[in-house]
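Q: Pasting in a structure now, in structure tokens, and then I'll have a few things to ask.
FYI, it's all coordinate maths here, none of it is from the lab. Remember, it's a predicted structure, so these values are computed and weren't measured experimentally. Ideal geometry is used to build each Cβ from the backbone, glycine not excepted, and the neighbour counts take in all protein chains shown.
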Amino acid sequence: MTTTSDRDQLAYISSQAADARVNVELNTGDMTLNIGPQHPATHGTLRIACRLDGEQVIMAEPMMGYMHRGYEKLCEVRTYPQCTTLINRIDWLGSFANEVPFILAAERLMEVEAPPRAQWIRTILFELSRIANVALFLGDMGVQLGALTPVFFAFRDREHVLNQIEAITGGRFHPNFDRIGGLKDDIPRGWIEETKSVMVKMRTFCDEMEDLLVGNEIFQARCRGVGVIPADVALNYGMSGANLRASGVDWDLRRDANPGLAWDQIDWRVWTHPDGDSFARYWVRLQETREATYIVDKLLDGIPSGPIMAKVPRIIKVPAGEAYISTENPLGEMGYYIVSKGELGPFRVKIRTPSFNNISVVPWVMKGVYVPDVITILGSLYFILGDIDR
Amino acid sequence: MPQLPGLIKGLGVTAKTAVRTLFPKRGWKTLIPAPQKGAVTVQYPHEKEAPPDRARGVIALHEENCTACMLCSRSCPDWCIYIEGHKVKAPPRRAGGKARSVNMLDRFDIDYALCMYCGICVEVCPFDALFWTPEYEYSEPRIADLLHDKIRLGEWMDTVPDFLEYESGSEQKVRKVPR
């Protein structure tokens, strides 16, 4: 494992301090720079209002809500099966992972449990959507820093994973495959071998990304020591997922609070990095993607036989009660708090999305950074606008 | 202080991919450049993409099985299925029996401009009248033309693939597509 040398960080901080002194001496005025709402680095429509003093940001404020679609309210007027189609569209790069906590929460209220085969296939699809999601980040981070090649490689290799998801669920982006009590359908013949060969391809992709970016001097110079988030700050802002693990906090819901999926049946490890800078966030995600391919491989070997659907009534009425389930989604902790009154649809759904909390650290971390580093930090925090605004 | 190995490694990765694209594996012709063959993109109008059998391309209707029960229409999150029907007297099944009343389908339209392709209608249909097909070439110049009637939906029935066999260990039964 590589760590930032203290010299890199100190050099960055001292150059910031020197520039700030020059700004004070020259008595430069403030200027407001809006990054977004339509900026490629914002993955959608996020606006960041930066107050600049010279080249340095003195205050950055993320403004969200440009893509607010009111999913929490829309869920109230829909039945449970209809809700999953909406929930697919929250984090559109890892759709299947969005369905799982919602279905698990509804299952807990109904006191049904999916058969083991369904749970294993759920876990496999969950990890596949994680790979498809994070693979795009691994390439996209290069684009933020001006390297165009990685993103084409990412789009090329993500397609293999999406093809596998499409072959089993029927939808590339919006699988809508999870049902209360199990899954919609079983695995078609030949899918397991194909997925294994795709996992080999994805490991090659991870190696390529490591060669292209992690070893690249320009990438390291732009990322090392930029946007350092210490562990206590990350915890205070409610960050989760790889952003938190890159700050050195060993916290993974798949291991710590497994809600009944197959992660505890196999051996795998959680990757952390002590630095907390942009490079650490990239590195942790890269290792996680590679680890996810191994998780999928191990799960594919051990799928138990049996039914894929528990006994549930045809018209689903969830009994009155409240349940909160959260899982480790590609971006972090995603949870659904469902309040049911025993009707066809939920009475109230609170959706806890990871990007919303991850992006809230922006005002803290962007104090004093230079303008080009704003894009680096935004890229490395990795948010998806649908996940912020929902 | 810049160190060269990292940069050279990155350039090597890009060069390897470029060589693989320019000279795809084609037997003895390997040394003749063929960038079109090595590319991963599908040259769409000239060659067709083959979606998997389960792909949710468009919904086909097997009209004989539909009883106008309105289940699909009511469970649709977008309300994009329009059904009208009437009852007719049909001759009794057995000689001397009572005359049956049968639902006749007058109108079955799906507005693909509204459809979310969630597949709930296909799933709730108790009579096996709706099926997914991977067909995808039905774009229209005007958005109103995306409202397809039962004749058009019935034509797509020919493109419905057979249900796939399951992987070993499955207890699901493979369903049959009515032809």
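Q: Quick test of your reading: applying the under-4.7 Å Cβ rule, which cysteines of chain B are isolated?
A: If one checks each Cβ against the other cysteines of chain B, B:Cys66, B:Cys69, B:Cys76, B:Cys80, B:Cys115, B:Cys118, B:Cys125 turn up with nothing under 4.7 Å.
Q: Let me have the 222 nm mean residue ellipticity of chain B computed from DSSP H runs of 4+ only, each contributing -39500 (n - 2.57), with the sum over all residues rounded to the nearest 500.
A: -6000 deg cm²/dmol
Q: Using each residue's phi in region A:65-77, evaluate 6.51 cos²θ - 1.76 cosθ + 1.60 at θ = phi - 60° and report the 3J(HN,Hα) Karplus result to the nearest Hz, with x for Gly and Pro.
A: x, 5, 10, 5, 10, x, 5, 4, 6, 5, 5, 5, 9
Q: Rounded to the nearest 0.05, what FRET efficiency do A:Glu61 and A:Ala257 have when you use their Cβ-Cβ distance and R0 = 30 Å?
A: That pair, A:Glu61 with A:Ala257, gives E of 0.35.
Q: Moving on. Taking B:Lys25 as the anchor, which lysines have their alpha carbon closer than 28 Å to its alpha carbon, excluding any fewer than eight residues away along the same chain?
A: A:Lys196, A:Lys201, B:Lys9, B:Lys16, B:Lys37, B:Lys48
Q: Checking the cross-link filter: which lysines have an alpha carbon closer than 26 Å to that of B:Lys87, excluding same-chain neighbours under 8 positions apart?
A: Within reach: B:Lys98, B:Lys150.
Q: Hey, in the GNM for chain B with a 10 angstrom Cα cutoff, which one of B:Ala113, B:Ala129, B:Ala39 fluctuates hardest?
A: Its mean-square fluctuation being the largest, the pick is B:Ala39.
Q: Taking Cα centroids, how far is region A:243-295 from region A:334-364 in Å?
A: After rounding, the separation between the Cα centres reads 22 Å.
Q: Output the pairs from A:Lys311/B:Lys176; A:Lys73/A:Lys350; A:Lys317/A:Lys350 with a Cα-Cα distance over 21 Å in this structure; if there are none, say none.
A: A:Lys311/B:Lys176
Q: What residue among B:Tyr82, B:Tyr44, B:Tyr117 shows peak mean-square fluctuation when chain B is described by a Gaussian network model with Cα springs under 10 Å?
A: B:Tyr44
Q: In addition: Be a star and scan region A:349-390 for residues whose amide nitrogen sits under 16 Å from the point 7 Å along the Cα-to-Cβ vector of A:Ile218.
A: A:372-373, A:376
Q: Could you check which residue among A:Arg352, A:Arg255, A:Arg224 shows the biggest mean-square fluctuation in a GNM of chain A with a 10 Å Cα cutoff?
A: Comparing A:Arg352, A:Arg255, A:Arg224 in the GNM, the peak value goes to A:Arg255.
Q: Based on the Kirkwood radius over alpha-carbon pairs, what value in µm²/s does the Stokes-Einstein equation return for the translational diffusion coefficient of the protein assembly as shown at 20 °C and 1.002 mPa s?
A: 82 µm²/s
Q: I've got another one for you. Taking the Cα atoms of region A:71-356 alone, what are Rg (to one decimal) and Dmax (as a whole number) in Å?
A: 18.9, 59
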